[in-house]
Amino acid sequence: MDLEKEILKDGTLDEVAPKSRHRGPLDHWTPPILMERAAYLRKLAKLGDGAAGETLREYPRHAAMLSFRSRNGEAEIHEKFADLFYVLAGAATLVTGGTVAGARTTGPGETRGNAIEGGAAQELRAGDVAHVPAGTPHQMLVSSEKPITYFVLKIQEAD
């Protein structure tokens, strides 16, 4: 497989897998390609705050993303977008429902906060798929001993 070269924050050169293989209108990411991208995100997370993600491709009403976390995410509400998570590796607890503590607007239709109060917890492991509808508070809780890598489809459910 041909690798692309990317410059890391520290100025070093890193070889990584291409973001996607285009064959006309088809975008295709195999598990090995996603895991190679995830290895790169893991490096970025170590240089940063323990989490890294990238948008693999944007479409008119959805986006394909890849994320790596070795720490908890913020509580979130997306007014117009659902999240469809597919766990590639690791584990986490997805908390949904309830209310967002310390809620603040971070952009149009986007709210973030410190935690979810009164939500329901669901353990996610490799191979699991979870759908969080638009407007639903959610938060990914991660044990530092078990980081998580997951593919996300952000799907526009409302205009």
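Every number here is computed from the coordinates shown, using simple stated rules; none is lab data. This one's a predicted model, so the numbers in the text were calculated from it and none came from an experiment. Note that we place each Cβ from the backbone using ideal geometry, even for glycine, and neighbour counts take in every protein chain shown.
This model, with +1 at the C-beta of Lys and Arg and -1 at the C-beta of Asp and Glu, gives the stretch 4-156 a dipole about its Cα centre of some 220 debye.
Would you please state the base-10 log of I(q)/I(0) at q = 0.24, 0.25, 0.28 1/Å for the stretch 35-107, with intensities from the Debye formula using one equal scatterer on every alpha carbon? Taking Cα atoms of the stretch 35-107 as identical point scatterers yields -1.36, -1.39, -1.41.
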